[in-house]
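A short reminder: the numbers here are calculations on the coordinates, not readings from a lab. This is a predicted model, so every value here is computed, not measured. All Cβ positions, glycine included, derive from the backbone under ideal geometry; neighbour counts span all protein chains shown.
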Amino acid sequence: MDIKPSGINKDIVGKVVKCSGKLIHSVSTPRANLFWISDGLGKIKCVEFSSSAFNFKKGSMLNVVGLAQEENNEFILKVKGISECPKEELPDLEKAYETNISQSIRCLPEFLVESEALVRMQEEFVKAGEAIKRAVFEFRPVVIKHHADCDGYSGAIALERSIKKKVLDFHQDESSAWFYIKRSPMQTPFYDISDAIIDLGVILDEMDKYGRSLPLLVIVDNGSSKQDIDALKLFAANEVETIVIDHHIPAKSASGYTASSYSISHINPCTAGSDSNITAGMLSVELANIIGMEEKKSTIVLAALSGISDKSSGKEFEQYLKLAEESGFSRERLKGLAKVADFFSFNNRRFESRSLVEGLFGKGEYMQEHLIRILLPIVERKEKARLESLAHTCRIQQIGKDKGIVVASADIDKSTITGTFPLIGKSVGLLFDHLKEKYEKLLVAGIGKSMITVRMKGISKDINDFCGMLAKEMSYANIEGGGHPSAGSIKFIPSEKDKVFKRLLEWAEE
Amino acid sequence: MDIKPSGINKDIVGKVVKCSGKLIHSVSTPRANLFWISDGLGKIKCVEFSSSAFNFKKGSMLNVVGLAQEENNEFILKVKGISECPKEELPDLEKAYETNISQSIRCLPEFLVESEALVRMQEEFVKAGEAIKRAVFEFRPVVIKHHADCDGYSGAIALERSIKKKVLDFHQDESSAWFYIKRSPMQTPFYDISDAIIDLGVILDEMDKYGRSLPLLVIVDNGSSKQDIDALKLFAANEVETIVIDHHIPAKSASGYTASSYSISHINPCTAGSDSNITAGMLSVELANIIGMEEKKSTIVLAALSGISDKSSGKEFEQYLKLAEESGFSRERLKGLAKVADFFSFNNRRFESRSLVEGLFGKGEYMQEHLIRILLPIVERKEKARLESLAHTCRIQQIGKDKGIVVASADIDKSTITGTFPLIGKSVGLLFDHLKEKYEKLLVAGIGKSMITVRMKGISKDINDFCGMLAKEMSYANIEGGGHPSAGSIKFIPSEKDKVFKRLLEWAEE
Amino acid sequence: MDIKPSGINKDIVGKVVKCSGKLIHSVSTPRANLFWISDGLGKIKCVEFSSSAFNFKKGSMLNVVGLAQEENNEFILKVKGISECPKEELPDLEKAYETNISQSIRCLPEFLVESEALVRMQEEFVKAGEAIKRAVFEFRPVVIKHHADCDGYSGAIALERSIKKKVLDFHQDESSAWFYIKRSPMQTPFYDISDAIIDLGVILDEMDKYGRSLPLLVIVDNGSSKQDIDALKLFAANEVETIVIDHHIPAKSASGYTASSYSISHINPCTAGSDSNITAGMLSVELANIIGMEEKKSTIVLAALSGISDKSSGKEFEQYLKLAEESGFSRERLKGLAKVADFFSFNNRRFESRSLVEGLFGKGEYMQEHLIRILLPIVERKEKARLESLAHTCRIQQIGKDKGIVVASADIDKSTITGTFPLIGKSVGLLFDHLKEKYEKLLVAGIGKSMITVRMKGISKDINDFCGMLAKEMSYANIEGGGHPSAGSIKFIPSEKDKVFKRLLEWAEE
């Protein structure tokens, strides 16, 4: 009797059947080899009692003869014989598998809000969604690497929920969620080559040590920019597939956006005529929706949350805000949550802390409330103290034509205790928010040992241009940096601090 | 035939019995559900061969019918049927369980030394001891978090020994000591909110991933002070019970000592009319004794050891010293051990290093001696070098009426290599000890980038007052700190270093 | 029927036999005790179904009666009885075991190149090789600790390959390579006492927790110098055997080289009339060859690679270069690989990353090429930028008789961003290489907050002498350091920076 992996059912239990399919996973124990074959629609677990090694390669097409049984609420085949399918049948089998799996993983480009930019990226969304579903289908782990800020967390959690649901549906086993999904925050606003080297090392060792498949890497709120490209290259050269979901300014060359060459899907609104106002959190919520959204009420809110935390504006943001409001999240509540999420992220460092993060981002009824109640007062106390320090120590000067631009500069090393919350970017933001009502044209600079963080208002220039100009002018000074046009930072060797600041003011008042 | 979980014995092996009890723990494997029921006096392991999920909630009262067997020197029930006890029986069953377990975990307030302060805290001791025993009885892990200095280690080890004995007695399995007890040093002199967030994340993930119960958290030599309260709140809001054993100045409000509101037991001599001379090590040795002291000879010594290392005085300390002497530990030997323990702690960072720590704190015959022989000369070499640096570079001035107060101030960033042993606190202590014989009134200050560490003699003022005063006077400067009245530290933003030092001298000479 | 552990074969399967041998390993599970006995030539696995504890001590001589069976391609004994051999037989049995195992682990002092120094060290090589083979034979893990630079990695990988082969041959089980070998990089150029304390803690806990044996510790490219000795002492006192393979200047006292007293083999060319031109990588490749070289083509290259990276010269290096060339590795290709290895090591920090490291050091066909292709351009970009910064900011002065010595000094804290690649030593090397063609007599100094790194040319003095002299002259300044005669560093407390540099110049121009 011939059956298909997806066709097994109660009626054949107790019978010896023949079943063909693609080998998608195998595990060996001292007494038995366990393996799974699939026709692209469903899989069946096969158990071969044997102490000899299992020598078939993942991806082969196998004919298995075995006794159908039911065990732990699951149909299995007790194997009596295995052989590779004859070569001449392979093309047809492969084609059938591919037709089936394409159907199983199909994603439709439907979005939660109206947006030309999203529609322009719909192909990338579909590619990403289908790649993720395929990975789950083929026992490949999905690793979500995300920027450790509120936007990165929001996007990662939305995706984690959707992928977790797919994993649990596929494996029918609670513990699979710990084997086939991993989420890991990155503290830099780019995928540092050092992190990439360490992550690749761990990935390859897990493959060799436990026989795992290479994972699919989903990079959230990082991955597009110039500083990310080396990491992407490293993964590509070692056959680790990546998906990039980012809204930072993407690296670009004559042949197009660089990240697109090294990842299987590159979702970034800056590649679709929009800008960073569509956050990684929004993009991830949309992708999660395309894959299949879980815990809809608390997940949909994450799009607006990420926009609040990244100071978005624009029509997409407005629509997400409205969706959040429908779920009971006012702008005020989101602001509080965003602050707590940033504080959490600062303290939690590189840990996954899956359950706590899930709670913070709205799973269950109470944990989010408890965390806000306890942590928000701490954040507000620390922000108030920081603002007071900066306001007290910063230097105010007026530059430009008619002294029209107000410059507030704070020596970060002198006015804050190294490494304490909030970090330099948020600190400069606090001072900026404090001053921005008062002045038409404003430049706030947080000056560190080897970095100046800048926020501007009313000065129609792009900090990325300044970085580019300075890098040429002072090639010896290791100038790096950039960011958003009026909020970014410049790195340099410490000896050049005064010169860089002087040039910054000259550039601003030009 | 009806039996009780605590009543099973050889005679019923081979018989089918009915047994009622509270479900205290369960584990599911692919082929069987293992669970334990208890009547508060004893437990029995039940094995249900089944591939369906185990759906009873921890804490339910169950009726189990099963075949009594003996396996691996343990009685078990091979389950034939399980049902929840009828609702109408629950109040009586619960009451009986509670009566029984109260008896099983009973602790008596007996102390090793005579002390009114200890007697005044006896209720807290009993609550702590009984909570720990109850946790063991109900398969809850006990996590000991302790300050990573000699006092914190001493207390933690004393408790670890007692709890380990209870765990081994209860589980009759060597490996249980690795599952149901964990000890983890904290490098800050308070439970940092960041550590608390990370610890809570790990706790919740272990619960979700491995089905563990929430642990009981025992905090040693930290937990009482103002800077600890946010951590306590975080655990309380997430239903993690804490016990605080501390001797730092406790945070206080109109409604009482703050830590008492967030922990199930708060043991601190400052709440009982005494002071920090009764160390966390002494308190923990007493609690260990109440629970049931293990390795008495080497454990009792830890009380005196902690006093030596924290420079205690007072009648309790004298009594502990005498007890240590009776175990063969002279004051001189304790001093050497305290130095080695501090050096070990500095180098061992956050690692548990259970066996090595046990050896260092006196388990077995030789390891402590070996470690002292090898490490003490290193410590003494490093202390000598540090003192020489500080004595060479420090500035001596005389202030106050008739220039009666000698001030020795060392610029720590200039006179020591960052991060090397001994750290700032101990370094300032070395300079202080070197000078204190010479001068009647002495203030030694180690001045760092954003912290001044102070030791005083003959100046009857309280550094905590100075911190409070300065915090009001310079609200922009992030003033924090405190400690013991004449040994503590003040933190501030770096720009205010000179001003804070100036104000310190003015305050001292007033 | 009496058989020997090494004598079991197909013919006795199904028979009950008596077998004597030394107990070399045991593991207990809830249902069975597994243990292995050996006659020094071969081992046999014994399975005792029993729920009582296994009470024989490792190293005992046992008589086992059991049924011979074949299971998972392995012969085993199903135990029917165990007893300790009678005391009177022990001396003969021990002697026979020792005779056999000596034969099993025999190593011959054969070297890949002609070198008097190697020949002079042949006894140490043989001792090291035999100790490693014995450890494998007795189920003891081998832990390779190595300096995290290209030399340290090269040596460690060569040894890891040889040892892995022995482990796999012995255990016939792929996963054994993860249990019985561990490799771990050290970031300091010596075995820091803090690392030693943490490593010892982990070792002892693994022993207690999992019943592992104490490992054999092989220290590569560290271990000989003054700063390593405390770590060696610590291990020796706790019965952890060490082997030291190093080429740094070894600590020495009246009674000989200090490391030799605390390790079972101390291989260092400076103890054999040669110098540091024979790198740890070369020594390890030789030792790997003595144990039995694996992947000969890619392993033999590592000797030359380490020489390139450590700027070796001399006849041994020339011969290794030639061997590398025969394997297809030109000097140019080795230079590129050395740079990539250093960059990798900087980024990979303390991670083992076994598979990635294996690939980088030449296992398989493509990974090394891919990694060079992606990482070398990054390294070269960063080196170029660093050199430009240093060349721009460094101060040039001329000192000595007729101003004949050129001194280039760079303030590292000002001219580089803390913690970025390349670190201070390599950075100073870049500046040195840039200037060395121009000047006959050259001293390049990278001046940090508490360390000066020096490279000299044409100045026939030894930096170690300067350190020694200064340590006496400025005993308060915590002077430490040294290195190679014309490339090393001096550490001091920050306040003395200017004075140390002034004295350095005076010393150089004397």
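The stretch C:337-372 and the stretch A:448-510 have Cα centres spaced 35 Å apart.
Exposure proxy check: A:Thr279, A:Thr258 ranked by fewest other beta carbons within 10 Å?
Working: A:Thr279 33, A:Thr258 20.
Fewest-to-most Cβ neighbours within 10 Å comes out as A:Thr258, A:Thr279.
With a Cα cut-off of under 23 Å and a minimum spacing of 8 residues unless on different chains, the lysine pairs in the stretch B:84-146 number 5.
Candidate cross-link partners of A:Lys339 among the aspartates and glutamates, defined by an alpha-carbon separation under 15 Å and a same-chain spacing of 8 or more, comprise A:Asp149, A:Asp151, A:Asp310, A:Glu369, A:Glu380, A:Glu383, A:Asp433.
Taking the Cα centre of the stretch B:421-476 as origin and charging only Cβ (+1 Lys, Arg; -1 Asp, Glu), how large is the dipole, in debye to the nearest 20?
Working: 9 positive and 6 negative charges, 24 e Å.
Dipole size: approximately 120 debye.
Ranked from shortest, the separations from the 7 Å Cα-to-Cβ label point of C:Tyr257 to its equivalents in the other copies are 5.9, 5.9 nm.
Normalising the average separation of contacting C-alpha pairs (under 8 angstrom, six or more residues apart) by the number of residues puts the relative contact order of chain C at 9 percent.
The Cα atoms of the stretch B:213-307 give a gyration tensor whose axes a ≥ b ≥ c have a/c of 1.5 or more with a/b no greater than b/c, which makes the shape oblate. When the listed pairs C:Lys58/C:Lys182; B:Lys403/B:Lys449; C:Lys335/C:Lys438; A:Lys502/C:Lys441 are checked against a 30 Å cut-off, the alpha-carbon distance exceeds it for A:Lys502/C:Lys441. A:Gly7 label point (Cα plus 7 Å toward Cβ) to equivalent points in the other copies: 6.0, 6.0 nm, shortest first. Charged side chains reduced to their Cβ positions (Lys and Arg at +1, Asp and Glu at -1) give the protein assembly as shown a dipole of some 1060 debye around its Cα centre. Note on C:Lys18: aspartates and glutamates with a C-alpha under 15 Å away, same-chain residues under 8 apart excluded, are C:Asp2, C:Asp39, C:Glu48, C:Glu84. DSSP bridge analysis restricted to the protein assembly as shown gives an antiparallel fraction near 65%, rounded to the nearest 5.
At 222 nm, what value in deg cm²/dmol follows for chain B if DSSP H runs of at least 4 each add -39500 (n - 2.57) and the sum is divided by all its residues, to the nearest 500? Intermediate results must be reported in sequence, preceding the final value.
Numbers: 18 runs with 226 residues, N = 510.
Result for chain B: -14000 deg cm²/dmol, rounded to the nearest 500.
In this structure the amide hydrogen of B:Lys80, modeled in the peptide plane, comes within under 5 Å of the amide hydrogens of B:Val65, B:Gly66, B:Leu67, none closer than 5 places in sequence on its chain.
Between amide H atoms placed 1.01 Å from N, distances below 5 Å from A:Met186 occur with A:His146, A:His147, A:Ala148, all of them 5 or more places distant or on a separate chain. For the stretch B:159-168, putting each phi into the Karplus relation 6.51 cos²θ - 1.76 cosθ + 1.60 with θ = phi - 60° gives couplings of 5, 3, 4, 5, 5, 4, 4, 4, 5, 5 Hz, in residue order, rounded to whole numbers and with x for Gly and Pro.
Across the options B:Ser52, B:Ser309, B:Ala445, the greatest Cα extent toward the positive end of the charge dipole of chain B (unit charges at beta carbon of Lys, Arg, Asp, Glu) belongs to B:Ala445. This model, with +1 at the C-beta of Lys and Arg and -1 at the C-beta of Asp and Glu, gives the stretch A:329-461 a dipole about its Cα centre of some 340 debye.
Shown in residue order for the stretch A:116-124 are the 3J(HN,Hα) couplings computed by the Karplus curve 6.51 cos²θ - 1.76 cosθ + 1.60 at θ = phi - 60°: 5, 4, 4, 4, 5, 9, 4, 5, 5 Hz (x for Gly and Pro). Considering only C:Leu214, C:Gly256, C:Ala236, the residue lying farthest towards the positive end of the dipole of the stretch C:177-261 is C:Gly256, judged by Cα position with unit charges set on Cβ. Averaged over the residues of peptide B:120-133, the number of Cβ atoms from other protein chains lying within 10 Å of each residue's Cβ is 0. When C:Phe317, A:Phe361, C:Phe421 are sorted by how many other C-beta atoms sit within 10 angstrom of their C-beta, beginning with the fewest, the order is C:Phe421, C:Phe317, A:Phe361. Legend: mean number of C-beta atoms from other chains within 10 angstrom of residue C-beta atoms, peptide A:491-497, equals 6. Applying a threshold of 23 Å to the alpha-carbon distances of A:Lys166/A:Lys322; C:Lys382/C:Lys414; A:Lys363/B:Lys252 flags A:Lys166/A:Lys322; A:Lys363/B:Lys252 as lying beyond it.
Listed values for the stretch A:296-305 are Karplus-derived 3J(HN,Hα) couplings in whole Hz (6.51 cos²θ - 1.76 cosθ + 1.60, θ = phi - 60°), namely 3, 4, 7, 7, 4, 4, 5, 5, 5, 4, and x replaces Gly and Pro. Under the classification rounded if a/c is under 1.5, otherwise prolate if a/b is larger than b/c and oblate if not, where does the stretch B:304-430 fall, given a ≥ b ≥ c as square roots of the Cα gyration tensor eigenvalues? The shape class here is oblate.
Here the residues C:Ile372, A:Ile144, ranked from fewest to most Cβ neighbours within 10 Å of their Cβ, fall in the order C:Ile372, A:Ile144.
Neighbouring Cβ atoms from other chains, within 10 Å of the Cβ of residues in C:192-205, number 6 on average. Between helix A:463-473 and chain A there is an angle of about 80 degrees, using the helix long axis and the longest principal axis of the Cα atoms. The other copies place their B:Gly400 label points at 5.6, 5.7 nm from this one, listed shortest first, where each point is 7 Å from Cα along Cα→Cβ. For the protein assembly as shown, rounded, prolate or oblate, judged on the Cα gyration tensor with a ≥ b ≥ c (square roots of eigenvalues), a/c < 1.5 rounded, else prolate if a/b > b/c? It is rounded, given that a/c, with a ≥ b ≥ c, falls under 1.5.
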